[in-house]
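The values are calculated or read from the model by the stated rules, or taken from the named source; none is laboratory data. What you see is a predicted model; the values in this text were computed from it and never measured. Glycine also receives a Cβ, built like all others from the backbone with ideal geometry; neighbour counts cover every protein chain displayed.
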Amino acid sequence: MNTQMQNYIRNFIVLALILSGCTMSGKSVLRIAISNSPGSSIMYVAQEKKLFRQYEVDIELVELNTGCECMQALSESNVDAAIIPFSEYSSLPNTGMGVLLLVAVSNNEEQTHLHSHLKNDWQTGHADILVGDRSELMTRRLDWQRVLLAYEHARMLLQGEPDEHSRITAEREHRSIEAVSNDLMHWKVFGITQQDSLLGVGGPFASMNAQWQGRQFLTAAATLRLEDTVPQKLHSGQTNKAK
């Protein structure tokens, strides 16, 4: 086989890997920075229930002290994504970062946004978001779809097991179950099927400026796979609640 043909084949393989959402590193670990927060608690549950493994994605949760530290780790490329308060994200210059998921919002903040369309410059920390570098998120888009599916599976499980949510979070954050349960009562966690209505143009959280096409593609693609991957009884239960 001549050199020209070898180069052609190598380039074709590289292109195929890129188009399939893979990288040359294959199954390299995705690192997500988290700190004590309601948004991070869903990731604790997904890991505890081995849902990341079930959806065939290798995740390392990097536990830091604050949302500020999580944002710094992401900015320095020490992690692939981070769950942070929106206030940390909104204070950054435009660095190519993008909101992938609105994870959780405090009840007070939700009411403010749902009932006041005049407030356009939301700069509060009462919301947890999952953010990452837009180009990197899309490069490994198949892995991030699996992360979203594991997240959604964990969220659905917790709809019927609030005590389990509190127990797992309390163990990871070294707090009392009572304290964690009281905190979680004041937060609402959102699913992947709700993201466009929340973050899209005209949505109550449109000020997060999360209309980039990559987010829409990733959440839409994961949503299409829900019925095939998440247990039917969980998915059906969520559908019935929505009616």
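Contact map, segment 140-168: residues that are free of Cβ contacts under 8 Å to residues at least 24 places away in the same chain paired with residues that are of a type outside the set (Phe, Trp, Tyr) and in a helix (DSSP H, G or I), Cβ distance under 6 Å, separation 6+ or inter-chain. Pairs shown: Ser166/Ile177; Ser166/Val180; Ser166/Ser181; Arg167/Ile177. Applying the set (1) of a type in the set (A, V, I, L, M); (2) touching a strand residue (DSSP E or B) at 6+ places or on another chain (Cβ under 8 Å); (3) surrounded by fewer than 23 Cβ atoms within 10 Å (Cβ to Cβ); (4) farther than 15 Å from Glu173 by Cβ to Leu92 leaves exactly one unmet item: (2).
Matching residues to (1) of a type in the set (Gly, Ala, Ser); (2) out of contact with any Leu (no Cβ under 7 Å at 6 or more places or on another chain); (3) in a helix (DSSP H, G or I):
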| position | (1), (2), (3) |
| --- | --- |
| Ser135 | yes, yes, yes |
| Met138 | no, yes, yes |
| Leu142 | no, yes, yes |
| Leu158 | no, yes, yes |
| His165 | no, no, yes |
| Ile168 | no, yes, yes |
| Glu171 | no, yes, yes |
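Scanning segment 173-195 for residues that are of a type in the set (S, T, N, Q) and not in a loop (DSSP other than H, G, I, E, B) turns up Ser181, Asn182, Thr193, Gln194, Gln195.
Looking only at residues of segment 135-160 that are surrounded by fewer than 23 Cβ atoms within 10 Å (Cβ to Cβ) and within 9 Å of Val45 (Cβ to Cβ), we find that the one that is modelled with the highest pLDDT is Arg155. Restricting attention to segment 21-69, the residues that are within 16 Å of Glu136 (Cβ to Cβ), of a type in the set (Gly, Ala, Ser) and modelled with pLDDT under 95 total 4.
The set of residues in segment 195-211 that are surrounded by fewer than 17 Cβ atoms within 10 Å (Cβ to Cβ) and either within 23 Å of Asp143 (Cβ to Cβ) or in contact with a Gly (Cβ under 7 Å, 6 or more places away or on another chain) (or both) comprises Ser197, Gln211. Restricting attention to segment 31-67 and to residues that are without any contact (Cβ under 8 Å) to a residue 24 or more places away in the chain and not polar (S, T, N, Q), the residue that is nearest to Met156 (Cα to Cα) turns out to be Lys50. Please count how many residues of segment 203-223 are at pLDDT below 85 and either assigned to a loop (DSSP other than H, G, I, E, B) or of a type in the set (Phe, Trp, Tyr) (or both). Summing the residues that are at pLDDT below 85 and either assigned to a loop (DSSP other than H, G, I, E, B) or of a type in the set (Phe, Trp, Tyr) (or both) in segment 203-223 gives 3.
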